[in-house]
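The next block holds one structure in the form of structure tokens; read it before the comments.
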Amino acid sequence: MRRIDLFEATMQGWARLSPAQRDRFFQAGLKAALRLDRRQFRAWLLRRVRTAPLAAPIDPARFAISDRDMAALLKQLPLRADDADRGTGL
């Protein structure tokens, strides 16, 4: 898993929140900070920046497959029923 700058991720997520969401997040963070130790609070905050509403929206274009990639994948797929059994050893 890649390391993230927790402060930077929190500030980017904070910028995406509406004022009501900011207020709710601030209150939840304050309650968590008062009841958790330092490591537990860091884990709490890390979970929050990886989930909505602090998490960045998913960009569907990141998952797009180019025509060239699709052609290469299709060449590797079995196109006949007997081809599917060839690689499994059945």
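Quick one: which of Ala28, Ala33, Ala15, Ala43 is more than 22 Å from the chain's Cα centre (by Cα), modelled with pLDDT of 80 or more, not in a loop (DSSP other than H, G, I, E, B) and not charged (D, E, K, R)?
Only one candidate qualifies: Ala33.
For the stretch 7-26, name all the residues that are in contact (Cβ under 8 Å) with a residue 24 or more places away in the chain and not aromatic (Phe, Trp, Tyr).
Ala9, Thr10, Gln12, Gly13, Arg16, Leu17, Gln21
Cβ-Cβ distance below 8 Å, separation of 6 or more or different chains: which pairs start in the stretch 27-42 with a residue that is in contact (Cβ under 8 Å) with a residue 24 or more places away in the chain and exposed (fewer than 14 other Cβ atoms within 10 Å of the Cβ) and end on one that is of a type in the set (A, V, I, L, M) and part of a helix (DSSP H, G or I)?
Arg42/Leu6
Criterion first (modelled with pLDDT under 70 and either of a type in the set (Phe, Trp, Tyr) or farther than 24 Å from Gln12 by Cα (or both)) does Ala81 satisfy it?
Taking the combined requirement at face value, the residue satisfies it.
The values are calculated or read from the model by the stated rules, or taken from the named source; none is laboratory data. Remember, it's a predicted structure, so these values are computed and weren't measured experimentally. As a convention, Cβ positions derive from the backbone with ideal geometry for all residues, glycine included, and neighbour counts pool all protein chains shown.
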